[in-house]
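First up is the structure itself, then whatever we jot down about it.
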Amino acid sequence: MKLFVSLMLSLVLYGCSMLKTEQTDLYKEYIKQAQAVENNTMVSNRSSFFTSEYLKEVDLADEKSLLVLNLSKYVHQEFSHYQKIEGQKGCLSINGIENNKDPVSLYLEYKKERGLWLVDYMFLHLMESSEDYAKEALCPREVESMIFK
Amino acid sequence: MNPTRTELKITIAKLIEVAYSEDKGVTTKIVREKGSFKLTVDQDGNARLSSKVGIVNFSASDTLDRVGANIKSVSVNFTAGEGKKIKYTAIIDIKVAKIAISGKFDIEALITSCSGILCRAAKSLKSRHDGYEMELQKIMEQ
């Protein structure tokens, strides 16, 4: 009986651990993306972070075009984040400050492609006051319609 | 290098000044009225400053070419703030992303800056002019 209970308990614990590892953490994806920008490895690893549709707009020969790969650079220090996932789409909101301490929020929209969560659209809000920080997970287009009526 | 918040704010000021140099009378009427006004730039660089009192059409290509981003379009909403201050929210479309920037500035200071020798000199040079840039920065970073 004891052996049976131990076996069942082990199975339940194993099941829980499997569930935990399968949870999507978009923030972890964002941290990897921000590190690639910081380490100047974003260009060579861009397909690990962005969807194919997004990358169609990036011309590597044009330095101006690279801005869309480097938007995380505006967030010098991050204070809080929120995420939401609906099926194959997810959105992450990041609040932080620029290197001169001005408040900034970055909103990222993710899409599942090739089994990876990849950025498909971004919205950077260079705001005047931290009162305008994201207070929940919002997708880029939701934010745009809220701040630009 | 990514364009800074200050560079983007200065670009908005420069767009108003290009409108002013295109049509001083209508631009002054638009920006001095108490209501709101809009500034839009399309993907071909065609810009329009408009409100219920008038419209000024001009080219924004030269101004936007100097920004370190491939800009598809720009939309700015201006509303009256306290005193002579004007508040604005700009959305800069860079194709797969957008940048929103908000701020306020003194419209009289901006108009005056463009009546002076500094502004005219900057325009005749058609390139960066440190004194002019610094004056715009001061106005836009109040």
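Of all residues in segment B:51-78, those satisfying the criterion of being small (Gly, Ala, Ser) and either surrounded by fewer than 19 Cβ atoms within 10 Å (Cβ to Cβ) or within 22 Å of B:VAL31 (Cβ to Cβ) (or both) are B:SER51, B:GLY54, B:SER59, B:ALA60, B:SER61, B:GLY68, B:SER73, B:SER75.
Evaluating A:LEU118 against the criteria (1) within 12 Å of the chain's Cα centre (by Cα); (2) within 11 Å of chain B (Cβ to nearest Cβ) leaves one unmet condition, (2).
Counting only residues that are among the hydrophobic types (A, V, I, L, M, F, W, C), under 16 Å from A:GLU142 (Cβ atoms) and within 13 Å of another protein chain (Cβ to nearest Cβ), segment A:85-114 holds 2 of them.
Restricting to strands (runs of 3 or more DSSP E) lying wholly in segment A:52-140: which have 3 or more residues that are modelled with pLDDT of 95 or more and surrounded by fewer than 17 Cβ atoms within 10 Å (Cβ to Cβ)? Spell out the reasoning first.
Values: elements: A:77-86, A:89-97, A:103-113, A:116-126.
Of the strands (runs of 3 or more DSSP E) lying wholly inside segment A:52-140, those with at least 3 residues that are modelled with pLDDT of 95 or more and surrounded by fewer than 17 Cβ atoms within 10 Å (Cβ to Cβ) span A:77-86.
The values are calculated or read from the model by the stated rules, or taken from the named source; none is laboratory data. On a predicted model such as this, the values are computed, not experimentally measured, just so you know. Methodologically, a virtual Cβ is constructed for each residue, glycine included, from the backbone with ideal geometry; neighbour enumeration extends over all protein chains shown.
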